[in-house]
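Below: the structure, in structure tokens.
The values are calculated or read from the model by the stated rules, or taken from the named source; none is laboratory data. What you see is a predicted model, and the numbers here were worked out from it, not measured in a lab. Neighbour counts are summed over all protein chains in view; Cβ atoms, including those assigned to glycine, are modelled from backbone coordinates with ideal geometry.
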Amino acid sequence: MSAAPVITYDREQMNIVIVGHVDHGKSTLVGRLLADTDSLFEGHEAKIRAICERQGKEFEYAFLLDALSEEQEQGITIDAARCFFKTEKRDYIIIDAPGHIEFLKNMVTGAARAEAAVLLIDAHEGVQENSRRHGFLLSMLGVDQVIVAVNKMDLVDYDQTTFDRIETEYRSFLSEIGVTPQCFVPISARDGDFVADPTKTMAWYSGPTVLQAVDAFEKEPPKENQMLRMPVQDVYRFNAQGDQRRIVAGRVETGSLRVGDRVVFTPSNKTSTIESIESFNTPVASAAHAGQSVGITLAEQIYVRRGDLMSHVDALPQVSTMIRANIFWLGRESMTPGKRYKLKLGTTSVNVVIEEVVSVLDASELDSDTNKSQVNRHDVAEIILRTRNPIAFDRTQEVEHTGRFVIVDGYDIAGGGIIRDVVEDAEAALRSETRQREFRWVKGLVTLADREARSGHQAGLVLFSGDAGTGKALLAKHLERRLFNQGIGSYLLDGTNVLLGVDHEELAVAEREETREKLIRHYGEVAHLFIDSGQIVISTTNTIGLAEHQTIATLIAPAEMVSVHICPHHDQAPLNTDLVLAVIEDVEADVDRIMALLQERGFVPALQSTDD
Amino acid sequence: MSENTERPASPTQLDELESQSIYILREAYHHFKNLCMLWSIGKDSTVMLWLARKAFFGHVPFPLVHIDTSFKIPAMIEYRDQLARDWNLNMVVGQNTQALADGMNHTKGRLTCCAALKTEALKHTLSGEWARKRMNDQGVYVPDWNQEPYTGVIVGARADEEGSRSKERYFSPRDENNDWDIADQPPELWNQFKTDFAPGTHVRVHPLLDWTEVNIWEYIDRENIPIIDLYFDKGEGTRYRSLGCGPCTGCVQSKATTPAEIVRELMTITTAERAGRAQDQEDPHAMEKLRRDGYM
């Protein structure tokens, strides 16, 4: 840089968290760190001391942080506070996480933001339940850099033997969960021994102070050398403001992208080329890297949407509906098999159920129980999850950012997890074939997105199912007519017609299992052609059993399917049905309901269009 | 910053803060149908407005809501309307007209005044119960046709401002009564936020939570954001450090005339940012109480 008097705002910043069992002195340590590094505002300590005097209680450094009135009354930290302090080396955001089990979700919230952690243990009480649980959660949350501070050494007469015993015990526990602490520091947070300054109290100790150990944490290297992963956050078109760009927005979580790169969006498998990198008030860029929130435009107009994961063609993410994961549960209600939850991973959101509880681990003892069938609050478990639709992800050991998720129960995030492995579902082989088909497909100059833009509706499949005699064929024909009357390209593709035409020689043996499989493949491929030409295909065939719905959905991907099941009792409907109808009485009313569903899912435009 | 560098140096603190704020703004825009951003005209929410233009490539696709206590420093209103025109903003203003008609002002008690003219006005403006005014194409304020409650409200609170703000989430729910249940906040991890919420409740979104006062000024300097000039000394050796209502906001001694000078000054300063805000000094938990009731 030149010698011009410009301030370069390039100080390093690091988020660290202080965790440990309740009352082991976390807030006191943070208060002390702030006070000893002159990070408190003028008068703040005096103000808190004055309040203590007025209330007739002894001043504690913890009060500098436990800002909420309830916290000061009860003498505990309820929620993680963020404090700011700086050393010569860099700026810190220090997160003081609560140690009370009741506030574990606040501890998780605090720790998930951190790059490194200080685990605190009371020398007098030794290793406690939450010392272990917090250590375990740190490793699940991906916080790899850890130091351990053994606090309240003044209460054990600064005894080295006590310190050594705690170090041996806790080191052995941490090694079981794959955590290697960088050092153990004996301290008295209250008196400031070995927090910021070495004192004469423990001459037997020659290691770093807490502050020195914290400064020795290393900043995580940039993730730009990993595979490209950019979850699509949204696609923007601000046409009303006179802006014609169609911008795919998201954050590059790992890797790098450059103008001209060939990219693929998973799970839809659509490919395109990056035409430009868009931004506001910055010079034109030809590349973007991990950590940047960016926008790109694509050379070929394809239908991309939130939840798609962008990568390079030669380094694809995994796709499945089944994953093996380690989770921790924070919800008041237990996580139970059979119940529907929402899984959020990157920008994807999908319905999910537990397929199997493999084992439940007591995170404070590391005892695992393979007989439990549900996951209770504060449990850590290994489970197999099944999502309603295929999702794109990575194993957490390969790409951390796209290998972790949260589970939403009702309105609240109730748990978090990391993906250990892909479980092959029934569609795995087919999905991989379809992916290859999509990449190799010979494309014309007119894309499906072009066709959809002209026709004003999306292409896709409406799949009817239900026993013979429920009237689904009639309903399907009326739906086709309704769509046609509204100017929407639609085609009734009965399985019989595919049989008669494409599979004529196999009609006689249609019942044989291997032939059946082939028929379903043929049906799916024919439907795929119609859809690729922009039509909404309506299917009523009885040839396709309920089990084959996923096969069809896989074959027509990236197009979408809406399933309608007709049966007298709702509980007989297959799990993934979008709409369940009782035996048909009023055909037009049922067509109305299907039309409403198609509008809701974005297949067809709403009748009362808004003015944008 | 130099142009056309193929590989910039590893991201700076400001780059990281900017990227995270943009991510949060885009999440908010995706999840909330009735979304607005509170713009107090001060430096923080003006930086936030700038970040929105970054997030949405020059556009601001939601309304900006300003609560006008009528005691704001007049230059603030001029600046607000000028920027609204220049940047093509969807500007909405709310006010507690009844309390003002009844003669409310800070002499009735600072906290009482804040509660009426800010907290109450804000609550009823957000819920749509009280009439809102919207700036039209000619730059004139007319009654707003939209009376829908806002379900997502973007706020420029920073964790380093004072104790209760340091405990906020990026996405922080408020119940039907606008209450903030501090003891039972939702978990928030790996950039997954609370975006599902019961009818009648709303969510406050805090894109600036990790920014410090120094970061704000560094960014204003780096981006050349046209910040209101009340923050700068105009030759009298004083400037505002925090902006509020005229009667309750004091100046600080300072000769800083540019953002860079303010950054240098803040590097050595030891008094709290809100020291010039009289209402904070009324009660040790004044801010927490105000904020539990809906103050920003």
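The set of residues from the stretch A:212-221 being facing chain B (nearest Cβ under 10 Å) and either among the basic types (Lys, Arg) or buried (at least 16 other Cβ atoms within 10 Å of the Cβ) (or both) comprises just one member, A:Lys219. Cβ-Cβ contacts under 7 Å between residues 6 or more apart (or on different chains), taken from a first residue in the stretch B:44-70 that is free of Cβ contacts under 8 Å to residues at least 60 places away in the same chain to a second residue that is basic (Lys, Arg) and surrounded by 20 or more Cβ atoms within 10 Å (Cβ to Cβ), are listed as B:Ala55/B:Arg26; B:His66/B:Arg80; B:Ile67/B:Lys118. Exactly one residue out of A:Ile383, A:Ile391 is touching a residue at least 60 places away in the same chain (Cβ under 8 Å) and under 16 Å from A:Ile418 (Cβ atoms): that is A:Ile391. Of all the numbered requirements in (1) in contact with a Gly (Cβ under 6 Å, 6 or more places away or on another chain); (2) hydroxyl-bearing (Ser, Thr, Tyr); (3) within 14 Å of chain B (Cβ to nearest Cβ); (4) under 30 Å from A:Arg593 (Cα atoms), A:Tyr411 misses one, and that requirement is (1). Those strands (runs of 3 or more DSSP E) of the stretch A:282-378 in which 3 or more residues are assigned by TED's automatic domain parsing to the domain that holds A:Asp412, surrounded by fewer than 21 Cβ atoms within 10 Å (Cβ to Cβ) and in contact (Cβ under 8 Å) with a residue 12 or more places away in the chain occupy A:318-329, A:348-362. Restricting attention to the stretch B:228-266, the residues that are within 14 Å of chain A (Cβ to nearest Cβ) and part of a helix (DSSP H, G or I) total 8.
Filtering the stretch A:267-281 down to residues that are assigned to a strand (DSSP E or B) and either in the same structural domain as A:Arg404 (by TED's automatic domain parsing) or in contact with a Phe, Trp or Tyr (Cβ under 9 Å, 6 or more places away or on another chain) (or both), which residue is modelled with the lowest pLDDT?
Step one: list which residues in the stretch A:267-281 are assigned to a strand (DSSP E or B), which gives A:270-278.
Still in the running and either in the same structural domain as A:Arg404 (by TED's automatic domain parsing) or in contact with a Phe, Trp or Tyr (Cβ under 9 Å, 6 or more places away or on another chain) (or both): A:270-272, A:278.
Numbers: A:Lys270: 85, A:Thr271: 89, A:Ser272: 92, A:Glu278: 94.
Filtering first and then ranking leaves A:Lys270.
Sort out which residues of the stretch A:91-149 are in a helix (DSSP H, G or I) and of a type in the set (Val, Ile, Thr), and write them in order of number. Break it down stepwise before answering.
Our first condition is that a residue be in a helix (DSSP H, G or I); within the stretch A:91-149, this holds for A:101-112, A:129-141.
The answer is A:Ile101, A:Val108, A:Thr109.
Just to be sure, is A:Ala299 in contact with a helix residue (DSSP H, G or I) (Cβ under 6 Å, 6 or more places away or on another chain) and at pLDDT 90 or above? So A:Ala299 fails the test. When every residue of the stretch A:523-543 is checked against the conditions, none turns out to be farther than 30 Å from A:Gly444 by Cα and either modelled with pLDDT of 85 or more or in a helix (DSSP H, G or I) (or both). A:Ile384 meets the conditions (1) out of contact with any Lys or Arg (no Cβ under 6 Å at 6 or more places or on another chain); (2) in a strand (DSSP E or B) in every case but one. The failed one is (1). State whether the residues of the stretch B:155-171 include one that is within 12 Å of chain A (Cβ to nearest Cβ), out of contact with any strand residue (DSSP E or B) (no Cβ under 6 Å at 6 or more places or on another chain) and surrounded by fewer than 19 Cβ atoms within 10 Å (Cβ to Cβ). No, the stretch B:155-171 has no match at all.
This table checks each residue for (1) at pLDDT 85 or above; (2) more than 13 Å from chain B (Cβ to nearest Cβ); (3) buried (at least 23 other Cβ atoms within 10 Å of the Cβ).
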residue	(1), (2), (3)
A:Ala81	no, no, yes
A:Lys86	no, no, no
A:Asp91	yes, no, no
A:His100	no, no, no
A:Phe103	no, no, no
A:Ala112	yes, no, yes
A:Ala117	yes, yes, yes
A:Leu120	yes, yes, yes
A:Glu125	yes, yes, no
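For the stretch B:166-212, what are the residues that are of a type in the set (Val, Ile, Thr), more than 17 Å from the chain's Cα centre (by Cα) and modelled with pLDDT of 90 or more? Answer for the stretch B:166-212, where residues must be of a type in the set (Val, Ile, Thr), more than 17 Å from the chain's Cα centre (by Cα) and modelled with pLDDT of 90 or more: there is none. Residues that are surrounded by 13 or more Cβ atoms within 10 Å (Cβ to Cβ), of a type in the set (A, V, I, L, M) and in a helix (DSSP H, G or I) within the stretch A:580-595 comprise A:Val587, A:Val591, A:Ile594, A:Met595, listed in sequence order. The residues of the stretch A:191-216 that are in contact with an Asp or Glu (Cβ under 7 Å, 6 or more places away or on another chain) and in a loop (DSSP other than H, G, I, E, B), listed by number, are A:Asp191, A:Gly192, A:Val195, A:Ala196, A:Thr199, A:Thr209. Of the residues making up the stretch B:211-244, those that are within 15 Å of B:Met48 (Cα to Cα) and small (Gly, Ala, Ser) number 0. Each residue in the stretch A:183-221 was checked for being under 22 Å from A:Arg11 (Cβ atoms) and of a type in the set (Val, Ile, Thr), and 3 pass.
B:Asp144 meets all of the listed conditions (1) at pLDDT 90 or above; (2) within 12 Å of chain A (Cβ to nearest Cβ) but one, namely (2). Annotation for the stretch B:187-208: no member residue is crowded, with 22+ Cβ neighbours inside 10 Å, more than 9 Å from chain A (Cβ to nearest Cβ) and small (Gly, Ala, Ser). Every test in (1) touching a residue at least 24 places away in the same chain (Cβ under 8 Å); (2) within 14 Å of chain B (Cβ to nearest Cβ) is passed by A:Gly403 save one, and that test is (1).
Does the stretch B:14-36 contain any residue that is among the aliphatic types (A, V, I, L, M), more than 8 Å from chain A (Cβ to nearest Cβ) and in a loop (DSSP other than H, G, I, E, B)? Checked against the condition, which is being among the aliphatic types (A, V, I, L, M), more than 8 Å from chain A (Cβ to nearest Cβ) and in a loop (DSSP other than H, G, I, E, B), the stretch B:14-36 yields no hits at all. Just checking, which of B:Ala75, B:Ala52, B:Ala121, B:Ala116 is within 26 Å of B:Gln20 (Cβ to Cβ) and in a helix (DSSP H, G or I)? Every option except B:Ala52 fails the conditions.
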